[in-house]
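Asks: Questions regarding the structure given below will be posed in turn.
The values are calculated or read from the model by the stated rules, or taken from the named source; none is laboratory data. For clarity, every value in this text was computed on a predicted model and none was experimentally measured. Ideal geometry is used to build each Cβ from the backbone, glycine not excepted, and the neighbour counts take in all protein chains shown. To get the accessible areas, we keep the full protein, side chains included, count just its heavy atoms, and leave off ligands, DNA and RNA. Shrake-Rupley method; radii C 1.70, N 1.55, O 1.52, S 1.80 Å.
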Amino acid sequence: MISLSIRQRQVMWAYIFLFVPMLFFIFIRIMPTLSAFNISLHDWNPLAEEQTFVGLANYQQLWEDLQDSNSVTRKAFVNTFQYVIVGMPLQLVIALGIALLLNEIKRFSTFFRAVYFLPFVTSTVAISWVWRWLYQPQYGFFNVVLSFFGLSQQPFLKHPDQALYSITAVVVWQGLGFAIIIFLAGLKQIPQIYYEAAIIDGATRLQKFRYVTIPLLNTTLVYLAVLQTISFLRMFDYVINMTTQGDGGPLGSTTTVTLRVYREAFSSFDMGYASALTVALFAIILVITIIQLRLFSTID
Amino acid sequence: MKKALFYIVSLFVFGLVLAACQPQTVEVTRVVTETEEVEVTRVVTETVVEEGEEVEVTRVVEVPAESEVITIEYWQYFFDARVDAMNRLIQQFEAENPDVRVIHNSDIPYADFRDKIAASAPANVGPDVATLFYGWIPAWVDAGYLIPLPEEVYTREEIAEQFSPMVLQSELDGEFWAVPTAVRTLALFWNKDLFEAAGLDPEQPPTNLDELVEMAQLLTEYDDAGNILIQGFPVAPPGQAHHWFREVLVRQYGGVPYSEDNRTVLYNSPEGCEAFTYMVQFETELNTGSNDLFEDATQAFLQGKSAIHIDGSFRIGSIATNAPDLNYGVIELPVTNDIQSTFGSYWTHGITRKAAEDPARLDASIRFLKFITTAESGAIWVDKVGELPAQLTAAADEDLLADPILGPFAAGLPYANATFFVDESEQRQVIIDAYDAVRLTDADPCEALNEAAEREQALLDEFWADR
Amino acid sequence: MNALIQEEEVAQVAVQSDQRSPSQKRQNQLIKIISYILLILGGITMVVPFVWMISTSMKTAAEIYQSNFFPIMPTLENYQHVIFNTAFPRWYLNSFIVAVISTVSVVFFDTLIGFVFAKYDFPLKNIFFLLILSTLMIPTEMLLIPWFIMSVDPIIGPSWVDTYWGIAFPGVITAAGAFLMRQFMNGVPDELLDAGRIDGVSEFGLFWRIAVPLTFPAMAALAIFNFLGNWNAYIWPLIVTSDRAMMTLPVGLSFFSSENGADWHLIMTGATLSVLPLMIVFVLFQRQIIKGIALTGVKG
């Protein structure tokens, strides 16, 4: 064997260590990404012998569907944005509120933290079915409580005006614990000296919150906003499990982009169009992430 | 230069390791197959009906050498009664054909059957003979998944002659692609106890559409707050009501659902709208029930929470298992304008492209398909599943027609209509959406129906465009 | 360590501010009480769905349609039915196997990648790094279709559909975990490694016997989240399994639930069974888990 210098030896070992991981990233991550673009340019049916190249026809179809107010695709995009717009701020505000409350107390704070975090460790599928039962139109917990107080029963998931909000509530509920923990970590990093200074200046609690906490929590806020936005954009588990036969109904009022991808690709086997949808989703996630990073980081 | 050499060497070494691993595993599996003992005889237990009694007969059959036994796969979705019935048929088939072994995969949930069975096709691990809803034939044919029914199974003349007329609906592109063991029709179920409780004669179910309206209202029970306790008649578009509308109500009001050549939607006519308005009124005006209550209309009927229910003969089996004490009756669908109609449908069996790849498997598949679609097999199916035999000789059986539960379904066979579906689930969704638009967003029934027709027409156009 | 010191400081500051004036003291007291009340109310919201789930699972079929919250005659019959008459035990096993395979692999490879990028210098390092980094921006939705196509027809052999490898392969290495471990590997002193080299320790030995023990807490956090994530994973296992016997717990639960229609007592039993192990793990390790989340900000 050729004798190697120490540096050469190290370089060789670095490559050996990276060999399997690089194979993984190339074959399981990067090539499939390129392949997704490629599939979106075909009329791709996995059952067919050959796939026909159709150029941008799938994107053209997507563009047409987005303009047709009756198309499911358009509904999916509109709903997905609605989940983000309603869910993300709601989650951040409630989580920040609870994190601040938890900061006020000392006794039982670990206990409360655990309680709020509990739903986050459980599976979304199980949670979806539990809430579906809670929302059940006649014997569900909420409607039993409502009729106990003499209020009229609500359809929740069964009505297009309420279904999306009912599902959003579950997502917020389950993801709360995670956001709270991140906020608490962020709050802990704010040096006490700023609060001390604010107190000396005679600042009220509200002023301390507005002029110390919020600006110094900026990084945490951006981080969470980006993270939650992306996870709302990818909504799937809840919707497929909480709607009748996983159809994203009633009247398509809860369907999401990812659910459409799943249905188009694995029920209708129109993988070309489904891939075009995923490319669109990718582009949206990229753009929104960049905008949010810009927007939030210029506040202070 | 030296550096480059090291990278190449290290890559090479890993390549060697990988390459060395691969064949080794293959060898191991080969050894295992070779040491497997060759089965010479097989004990076959067969249930034979002798003088009205079921007798189990056990016999030893000589089995050809392992290499000569052809294994084929049959797939269907998970539904207890169907699985039992098919196991029985397979047992008989294997006894008669010792050179064929049939693997029965019935582990796929109904909701995913369509997706999963098709997903297996590109992997070439799927069935040789598969069961499918007749409405899926066009999609499966388009996907290149099925092969045309070989003449050895049935010729066109044989199908026209021996089978219920609705089976002719599976003809597409001048070929038959599948053939059923059994067919189903719709009929009206009623709960005798609830009729009695509402002061109605438990032996007098509604026979026409006006009576249906009248009785549904009398049968509905509310609490003080106006919530429904007992439903007179819930309409279930995701269940069977979309069929009831298309093939029964539209025709009874004097319209036709589709053009003769199946290329044009015609139910958005004034007659169709009248039919649709009739159907939605139960929920929007008469408030006699909803598919949203008690999970769905079927569950409501099983739990004794709804008095009248429209469903297929396949429901008999689930009532027997889930609600054996239910005191119910069945009658042909209510008429109006003296027009009788019902919706006929069937799960059918086709031979897949995978089977056609190997002549021996294809031959075994043909024999198997032929076996499970005979009149005798149909008769077994009726007993186990509650579906009607697809072969006319078995369906015209007098005992069957006289049966109080199965009789009304069998009586519907001569006037049953089957819809030509190009995409069954999408076409169903169109009607569900129209119905929901009316009941949930106060849309005008005729406009909602027009929109549905427009969407469905687009589906039909897309389908026929390449033909 | 740092966090502990900070906590003490916070406490001290709090004590100091408490001494300021009686009115302020009273105000703080009031805020504390309000905080507790709000936190308890929020805590109830977090727990009620689980209580309702367990309570329903102990009811008989007839009782779920009565309005009592708790079962009158609690029964374990539903559990007996679900455990002995369905594929639940098998789904447990599948989920466990898949989660263990991918967790072991992720922890090993991610730590190794982190080690290499933190401690080695080699040509093309930046390109490799960017390559891995770029995969972080791709939403997995985009890869589902290529993965599926790859699984049904892999170039190297038989189909991956309905195999453990098929379920696990997309997650055997993660880019996010690799970056996390790189942060921690940066903290491993170079002197230690050099000393090891002088003692003739092999490069892999350096990793295994020096770097790994030093980053063990981070590896544990990574392992826990990865296990949670895989245990709860839904969309990919849903796509790649069709055989009931190969389903993971979430996929199985979803089918079980849609098949059982109105049998909410059985559905809730299934949900309880799938949620319970995680809850127990969480209760046992909640401090570590929450600290790990705060430390890494990884979303499960």
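Asks: Per residue, how many Å² of accessible area does the stretch B:103-218 show with a 1.4 Å probe? Intermediate results must be reported in sequence, preceding the final value.
Replies: Values: 4040 Å² over 116 residues.
Spelled out: the 1.4 Å probe surface of the stretch B:103-218, per residue, equals 35 Å².
Asks: OK, next. Under a crude label model (7 Å from the Cα following the beta-carbon direction), how far is A:THR204 from B:LYS370 in nanometres?
Replies: 9.2
Asks: Still on this structure, please answer the following. Work out which residues of the stretch B:226-244 lose at minimum 30 square angstrom of accessible surface when the other protein chains are put back, relative to the chain isolated, with a 1.4 angstrom probe, and list them by number.
Replies: Buried by the other chains: B:ASN227.
Asks: Order A:PHE120, A:PHE209, C:PHE256, most accessible first, counting only protein heavy atoms with a 1.4 angstrom probe.
Replies: Sorted descending by solvent-accessible area, the residues read A:PHE209, A:PHE120, C:PHE256.
Asks: Additional query: Need the list of aspartates and glutamates near A:LYS208 for cross-linking: C-alpha distance under 20 angstrom, and skip anything on the same chain fewer than eight residues off.
Replies: Output for A:LYS208: A:GLU104, A:GLU196, A:ASP300, C:GLU7, C:GLU9, C:ASP18.
Asks: Right, next: Distance between Cα centroids, the stretch A:50-116 to the stretch B:362-407: provide it in whole Å.
Replies: If you average the Cα positions of each part, the centres end up 52 Å apart.
Asks: If one takes the accessible area of chain B alone plus chain A alone and subtracts that of the pair, with a 1.4 Å probe, what total in Å², rounded to the nearest 100, results?
Replies: Adding both sides of the contact gives about 2900 Å².
Asks: Continuing with this model, one more query. Got a sec? What order do C:TRP236, A:TRP63 fall in by accessible area at 1.4 Å, biggest, i.e. largest, first?
Replies: Largest to smallest exposure gives the sequence A:TRP63, C:TRP236.
Asks: What net charge is computed for the residues neighbouring A:VAL130, neighbours being all others with C-beta under 15 Å from the C-beta of A:VAL130, Lys and Arg scored +1, Asp and Glu -1?
Replies: 0
Asks: In the stretch C:107-125, which residues become less accessible by 50 Å² or more once every protein chain is in place, relative to the chain on its own, using a 1.4 Å probe?
Replies: C:TYR120, C:PRO123
Asks: Right, here's the next one. Over both sides of the C-A contact, add up the buried accessible area with a 1.4 Å probe and give it to the nearest 100 Å².
Replies: Values: alone 18840 and 18660 Å², together 28570 Å².
About 8900 Å² of accessible surface is lost on pairing.
Asks: Let me ask something else. Report relative contact order for the stretch A:113-187 in percent, whole number only (criteria: Cα-Cα under 8 Å, sequence separation at least 6).
Replies: Once divided by the residue count of the stretch A:113-187, the mean separation gives 35 percent.
Asks: At B:GLU221 and B:GLU462, where each label point lies 7 Å from the Cα along Cα→Cβ, what is the point-to-point distance in nanometres?
Replies: Going by the 7 Å Cα→Cβ label model, 4.7 nm.
Asks: Using a probe radius of 1.4 Å on protein heavy atoms only, what is the accessible area buried between chains B and C, both sides summed, to the nearest 100 Å²?
Replies: So the buried area, both faces added, is about 1400 Å².
Asks: Taking springs between alpha-carbon atoms closer than 10 angstrom, which of A:GLY175, A:GLY87, A:GLY140 fluctuates most in the Gaussian network model of chain A?
Replies: Residue with maximal mean-square fluctuation among A:GLY175, A:GLY87, A:GLY140: A:GLY140.
Asks: Straight-line reach from C:LYS119: which lysines have a Cα under 30 Å away, not including same-chain ones fewer than 8 places off?
Replies: Straight-distance partners of C:LYS119: B:LYS2, B:LYS3, C:LYS291, C:LYS299.
Asks: Given the options A:GLN136, A:GLN207, A:GLN153, state which has the largest fluctuation in a GNM of chain A using a 10 Å cut-off (strictly under) for Cα springs.
Replies: Comparing A:GLN136, A:GLN207, A:GLN153 in a Gaussian network model of chain A, the most mobile one is A:GLN207.
Asks: Still on this structure, please answer the following. Report which residues of the stretch B:440-454 become buried by 10 Å² or more of accessible surface when going from the isolated chain to the complete set of protein chains (1.4 Å probe; DNA, RNA and ligands ignored).
Replies: Those are B:LEU440, B:THR441, B:GLU451, which lose 10 Å² or more relative to the chain on its own.
Asks: In the stretch A:1-83, which trypsin sites (Lys or Arg not before Pro) are in a loop and have at most 14 other Cβ atoms within 10 Å, using DSSP for the loop call?
Replies: none
Asks: Now for a different question. Which value at 222 nm does chain A reach when only helices count, each DSSP H run of 4 or more adding -39,500 (n - 2.57), with the total divided by all residues and rounded to the nearest 500 deg cm²/dmol?
Replies: -22000 deg cm²/dmol
Asks: Further question on the same structure: In whole percent, what relative contact order does the stretch A:69-297 give with Cα contacts below 8 Å and a gap of six or more residues?
Replies: Values: 249 pairs, mean separation 65.9, N = 229.
That works out to 29 percent.
Asks: Over chain C, give the accessible area per residue in Å² for a 1.4 Å probe, as an integer.
Replies: 46
Asks: Roughly how far apart, in whole Å, are the Cα centres of the stretch B:268-324 and the stretch B:412-432?
Replies: 17
Asks: Could I have the simple spin-label model distance between B:ASP210 and A:LEU295, label points 7 Å from Cα toward Cβ, reported in nm to one decimal?
Replies: Rounded to a tenth, the inter-label distance reads 6.3 nm.
Asks: Expressed as a whole percentage, what fraction of the accessible surface of the protein assembly as shown belongs to carbon and sulfur atoms when a 1.4 Å probe is rolled over the protein heavy atoms?
Replies: So the carbon and sulfur contribution to the accessible surface is 60 percent.
Asks: Given springs between every Cα pair under 10 Å in a Gaussian network model of chain C, which of C:GLN29, C:GLN286, C:GLN183 has the largest fluctuation?
Replies: Fluctuation is largest for C:GLN29.
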